[in-house]
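Here the structure comes first, spelled out in structure tokens, and everything after it is commentary.
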Amino acid sequence: MAPLLRAVLVLVLLDPVLLLIREQQQDLSGLPTAETTPSLNMHYDLRTKNLTWNCRENITSLECRFISEETGPVRRKLQGGQCHCVFEKYRLHRGVEFTVTVNTSQGPVTEKLVFTNPGGENTAAQKFSCFVYDADFLNCSWERGRAAPADVQYSLYIRDIWLRQEWECPRYVQDAGTHVGCHLRGVSRLTSWLSFLVTGSSRERGVQFFDVVILLKTIERYNPPTNITVHCNESHCLISWLKPRTRLNPSNWEFQYELDIRRQGEALSDAPLFPRVEVSGLYGRGDHSWYIFPSPQPRPKHTVQIRAADSRLLQWGAWSRPVEFGSGEQEGSPVYMYVLVVLGTLICVLVFVCLFKRFLGTPIPQVKDKLTANHPADDQIIWEKFTPPAGKGNHEEVLTVEEVRNLKAGV
């Protein structure tokens with residue numbers, strides 16, 4: 001009987017408690033359950049530079065944001081049902097962070113995506129550089145990363161940001177089988193901004209990527225001006241030329257020119273006799289520019305070389321070939337004139353010294369006259385000491401005649 005009584009007592013006591021729990025569950029069943037925001041599944045495509053996420057009917061996208069140490073936060077406002085945004089003009093190889101803000105039934109919600117550069121440290125391509133030449137060609141070069149594995153292979157992808165077109169390098173330059181450069185033709189068809197992405201692959205370990213965005217205008221090397229001519233008159237020479245062919249064919253006023261004028265035979269590496277002259281295309285006419293060089297006749301032969309640059313960047317291109325002008329008649333050399341002046345000065349000094357000694361200084365010694373050195377003061381000549389010259393004795397005959405006449409007079 002005792003166990004039975006205990007069981008009845010427990011049932012009697014638990015019945016109110018069970019009833020209370022059942023009532024509370026009925027009251028809570030009428031409340032709405034809390035919604036959890038599903039993940040946006042954000043994804044970033046390195047080659048297209050496009051950030052995407054999932055779109056849902058009850059979610060409205062508000063803003064996406066790009067954050068890096070180099071640029072800081074960059075925001076993009078979204079409209080309507082946009083579920084992507086593009087950040088094409090920014091570098092990513094140092095690591096960036098993306099955030100997307102959406103509006104849900106519970107209010108704004110922000111989700112984050114950290115985009116890193118996977119692979120071994122210092123395995124990415126380094127010392128990357130590009131330049132445009134001959135208006136239509138692009139050369140890029142890079143070096144292996146310091147810690148890159150031995151079997152590393154690099155690939156270059158070029159993307160026109162405005163046209164949204166991408167292609168891989170069509171012609172690589174290799175070093176021991178590894179791609180270390182790229183040659184591309186047809187740059188004149190592209191727009192201003194290009195994105196360059198160098199990826200790496202290896203069986204040994206992961207290789208980091210390198211990316212950069214370049215404005216083509218800043219890396220173009222202009223060709224020399226064309227059709228350089230020189231026309232001279234008695235006092236001046238007119239040097240004229242045409243603007244070079246470039247990728248975008250800008251107006252002449254956007255060019256700056258530099259002229260190097262030298263005497264024939266002077267090397268371009270030597271210090272010029274005439275200072276280099278800069279001429280703005282702003283003062284030209286059409287595609288023509290000119291410079292008037294003072295050069296009176298007779299003029300020796302000269303050469304002129306010209307190079308061009310963008311007037312806002314002043315990155316000088318290559319020099320043109322030397323163009324000769326002048327008659328070839330050599331003017332007096334400065335060294336020769338200096339020697340003549342020195343010799344003339346020495347001659348004048350010698351003449352002055354001679355005149356000084358002649359009239360004011362010590363008398364100039366004369367040749368001694370043996371005939372008059374010991375004559376008496378009355379200029380009488382002692383004939384006995386005079387030795388007549390060889391030949392006729394005319395003087396003796398005259399004396400004899402005089403003595404004979406005196407004897408006849410005495411008789």
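Assorted remarks:
- When region 221-233 is filtered for residues that are touching a strand residue (DSSP E or B) at 6+ places or on another chain (Cβ under 7 Å) and either assigned to a loop (DSSP other than H, G, I, E, B) or under 20 Å from Val173 (Cβ atoms) (or both), the ones remaining, listed by number, are Arg221, Tyr222, Pro224, Pro225.
- The lone exception for Ser195 - which of (1) hydroxyl-bearing (Ser, Thr, Tyr); (2) open to solvent by less than 30 Å² (accessible area, probe 1.4 Å); (3) not in a strand (DSSP E or B) it fails: (3)
- Among residues of region 263-285, those that are modelled with pLDDT of 90 or more and open to solvent by less than 60 Å² (accessible area, probe 1.4 Å), counted: 4
- Top-ranked residue in region 286-311 [being modelled with pLDDT of 90 or more and polar (S, T, N, Q); ranked as least open to solvent (accessible area, probe 1.4 Å)]: Ser289
- Among all positions in region 167-175, there is at least one residue which is hydrophobic (A, V, I, L, M, F, W, C) and either touching a Pro at 6+ places or on another chain (Cβ under 6 Å) or crowded, with 17+ Cβ neighbours inside 10 Å (or both).
- Candidates Arg164, Arg247: the one that is touching a Leu at 6+ places or on another chain (Cβ under 8 Å) and either at pLDDT below 95 or surrounded by fewer than 16 Cβ atoms within 10 Å (Cβ to Cβ) (or both) is Arg247.
- Ala148 in a loop (DSSP other than H, G, I, E, B) and surrounded by 19 or more Cβ atoms within 10 Å (Cβ to Cβ): yes
- Qualifying positions in region 280-305 - of a type in the set (A, V, I, L, M, F, W, C) and either touching a Phe, Trp or Tyr at 6+ places or on another chain (Cβ under 6 Å) or not in a strand (DSSP E or B) (or both): Leu282
- Just so you know, in region 198-235 the residues that are free of Cβ contacts under 8 Å to residues at least 60 places away in the same chain and open to solvent by 70 Å² or more (accessible area, probe 1.4 Å) include one that is nearest to the chain's Cα centre (by Cα), and it is Asn227.
- For region 130-154, the set of residues classified as in contact with a helix residue (DSSP H, G or I) (Cβ under 7 Å, 6 or more places away or on another chain) and over 16 Å from Cys182 (Cβ atoms) consists of Ala135 only.
- Every condition in (1) open to solvent by 20 Å² or more (accessible area, probe 1.4 Å); (2) at pLDDT below 85; (3) not in a loop (DSSP other than H, G, I, E, B) holds for Gln82 except the one numbered (3).
- Filter pass, Leu51 being closer than 30 Å to Thr116 by Cβ, open to solvent by less than 100 Å² (accessible area, probe 1.4 Å), at pLDDT 80 or above and in contact with a His (Cβ under 7 Å, 6 or more places away or on another chain): yes
- Qualifying residue in region 86-96 (condition: farther than 18 Å from Leu40 by Cβ and part of a strand (DSSP E or B)): no
- Test for Ser155: is it closer than 20 Å to Gln315 by Cα and touching a residue at least 12 places away in the same chain (Cβ under 8 Å): no
The values are calculated or read from the model by the stated rules, or taken from the named source; none is laboratory data. All values reported here derive from a predicted model rather than from experimental measurement. Here Cβ is always computed from backbone atoms with ideal geometry, including for glycine, and neighbour counts include all displayed protein chains. To get the accessible areas, we keep the full protein, side chains included, count just its heavy atoms, and leave off ligands, DNA and RNA. Shrake-Rupley method; radii C 1.70, N 1.55, O 1.52, S 1.80 Å.
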